[in-house]
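Presented below is the structure to which this report refers.
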Amino acid sequence: MYMFLHSADLTEEVENAIMCGRNRAFPNHQSEYFYFKQMPYGVLFKEINNKIVGQCSVIYRCIRINETPYRIFGVCDLWVDEEFQNNGIASELLDELFSLSYEKSIDFNILIADRFDLYKKNNFHPFSANAQWLRINNHYNYGVASEYINDVMIRSINKIIKEDIINLDFLGEMF
Ligand SMILES: CC(C)(COP(=O)(O)OP(=O)(O)OC[C@H]1O[C@@H](n2cnc3c(N)ncnc32)[C@H](O)[C@@H]1OP(=O)(O)O)[C@@H](O)C(=O)NCCC(=O)NCCS
């Protein structure tokens, strides 16, 4: 079963399950919370026999691409427990996210990826841009970063961008 919950509605039990799952999946990025840098809008997760076996965090944000503001769902912390990997669960989570995004009149999904393969299979396209975002670490902010990045991916939901993407302002932390 796939479920979406707003962060404000998570029980302590669900927060703990997500914290443990994400810490197992990202050994170099441990966190005492169910999120890494900032509380997301919500979490989309898959349960099997009442156990959360995979999830992604959903960030609701207005970002600016070139000169235009867009309403996006950002994706971060996508993980699937090792014993359930390679069964299509991550792709199904991305499918669920597509439906949710469509229903909520979202323009695009945006994420940052180390590897593009999973996301390309799910209609995300990589691009490079001059990006700006707020640096956050352990609930401290370290000012605005401004760098050329080439590991961003975008998926069209209700809009299409016809121009080249030159500038991308996250208008908040990167996810
Ligand atoms: C990446 C991950 C979520 C995939 O979950 P999954 O349920 O096994 O994914 P699916 O079964 O839907 O698809 C499998 C595909 O994921 C791709 N994949 C595996 N690890 C990946 C990674 N770290 N980043 C991107 N894609 C990855 C593979 O190409 C595989 O495709 P293939 O079967 O054609 O080779 C899972 O391997 C995981 O939790 N890894 C640890 C956390 C992580 O690295 N998350 C990604 C952050 S960008």
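Please count how many residues of the stretch 36-66 are open to solvent by 20 Å² or more (accessible area, probe 1.4 Å) and touching a residue at least 12 places away in the same chain (Cβ under 8 Å).
Result for the stretch 36-66: 13.
Exactly one condition in (1) assigned to a helix (DSSP H, G or I); (2) away from the ligand (no atom under 13 Å from the Cβ); (3) in contact with a strand residue (DSSP E or B) (Cβ under 7 Å, 6 or more places away or on another chain) is false for Arg71; which is it?
(1)
Would you call Asn141 surrounded by fewer than 20 Cβ atoms within 10 Å (Cβ to Cβ) and in contact with a Leu (Cβ under 7 Å, 6 or more places away or on another chain)?
Considered against the rule, which asks whether it is surrounded by fewer than 20 Cβ atoms within 10 Å (Cβ to Cβ) and in contact with a Leu (Cβ under 7 Å, 6 or more places away or on another chain), Asn141 comes out as yes.
Among the candidates Arg24, Arg71, single out the residue that is of a type in the set (Lys, Arg) and surrounded by fewer than 17 Cβ atoms within 10 Å (Cβ to Cβ).
Arg24
Return the only residue of Tyr35, Tyr60 being within 17 Å of the chain's Cα centre (by Cα), in a strand (DSSP E or B) and modelled with pLDDT of 95 or more.
After applying the criteria, what remains is Tyr60.
Find the residue count for the stretch 144-175, including only residues that are assigned to a strand (DSSP E or B), open to solvent by 90 Å² or more (accessible area, probe 1.4 Å) and over 15 Å from Arg71 (Cα atoms). Even if it seems obvious, please write down each step before you answer.
If we filter the stretch 144-175 for residues that are assigned to a strand (DSSP E or B), which is where we start, we get 144-156, 167-173.
Next cut, open to solvent by 90 Å² or more (accessible area, probe 1.4 Å) only: 144, 148, 150, 171.
Subsequent filtering for residues that are over 15 Å from Arg71 (Cα atoms) retains 144, 148, 150.
Result for the stretch 144-175: 3.
Of all the residues that make up the stretch 79-119, how many are free of Cβ contacts under 8 Å to residues at least 40 places away in the same chain, open to solvent by 70 Å² or more (accessible area, probe 1.4 Å) and near the ligand (Cβ under 8 Å from one of its atoms)?
Residues in the stretch 79-119 being free of Cβ contacts under 8 Å to residues at least 40 places away in the same chain, open to solvent by 70 Å² or more (accessible area, probe 1.4 Å) and near the ligand (Cβ under 8 Å from one of its atoms): 6 in total.
The values are calculated or read from the model by the stated rules, or taken from the named source; none is laboratory data. Since we're looking at a predicted model, the values are computed, not measured. Here Cβ is always computed from backbone atoms with ideal geometry, including for glycine, and neighbour counts include all displayed protein chains. We work out accessible area using only protein heavy atoms, side chains counted, and drop any ligands, DNA or RNA first. Shrake-Rupley method; radii C 1.70, N 1.55, O 1.52, S 1.80 Å.
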